Amino acid sequence: MMSAPAVDAIAGEILDASAAHRQIAPFTERVPGFDLDAAYAVTAALRRLRLARGEQPVGRKVGFTNRTIWAEYGVYAPIWGDMYDTTLQPLGADAVLDLSPLLEPRIEPEIAFGIARPLHAGMDEAALLGCIDWVAHGFEIVQSIFPGWRAAAADTVAAYGLHGAYRIGPRYRLRVYPQVN
């Protein structure tokens, strides 16, 4: 378990690197014992810092859902990261996205959804569908503060889940019809 000052120092380094548009060496290569638990502690510290500067969380992203790339990145489960009002914008005819602040940006087409009710372990597919309020298309611009996209799972979690920007299309209410046997 990393100390709170060490976690805060890493969170500050990530914010500084992002603000300066510069890349840094992965934490897993230079911080002994930097693992997923430490990375999610950094995520919580980043959330506190971003809230303090006026940003508001507006959702979460799930990354590395494509299992075919797990071995390439040394990731063996999906990860999550926060999205903020400063990174999420509606997608429309007048939408503009300046990529210049982002480091090694890549685009990912997405399906976004809003959760109406809490999810619980052990829910079946019908119960999960019943928790979804709306769906929308969108795209995420992911970025890497680590040169050449060279990072382990813990690094990607700490670095906003690689989130750079998100553009979301119109939201459509999901209607779940009863299953007919």
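Here, each number is a calculation from the coordinates, and none is a lab measurement. Note that the coordinates shown come from a computational prediction; the quantities given were computed from them, not determined experimentally. So basically every Cβ, Gly included, is an ideal-geometry build from the backbone, and we count neighbours across all protein chains shown.
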Amide H within-cut-off set for Leu88, under 5 Å, with H built and near neighbours excluded: Tyr166
Charge dipole of the chain about the Cα centre (unit charges at C-beta), most positive-ward option of Val42, Pro170, Ala19: Pro170
Additional length obtainable on full extension of the chain from Phe139 to Gln23, 0.36 nm per residue less Cα span: 39.4 nm
Descending principal axes extents, the chain, alpha-carbon based, whole Å: 57, 42, 34
The stretch 29-113: translational diffusion in µm²/s, Stokes-Einstein, Kirkwood Rh over Cα pairs, 20 °C, 1.002 mPa s: 138 µm²/s
Student exercise, the chain dipole from Lys, Arg, Asp, Glu Cβ charges, in Debye to nearest 20: 340 debye
Extended-chain gain in nm, criterion 0.36 nm per residue less alpha-carbon gap, Arg53 and Thr68: 1.7 nm
Most positive-pole-ward Cα, Ala159, Gly114, Met1, against dipole of the chain from beta carbon charges: Gly114
Highest to lowest packing among 131-138, 77-84, scored as the average C-beta count within 10 Å: 77-84, 131-138
Radius 12 Å from Cβ of Gly130, net charge of other residues (Lys, Arg +1; Asp, Glu -1): -1
The stretch 90-117 versus the stretch 155-171: alpha-carbon centroid distance in Å: 8 Å
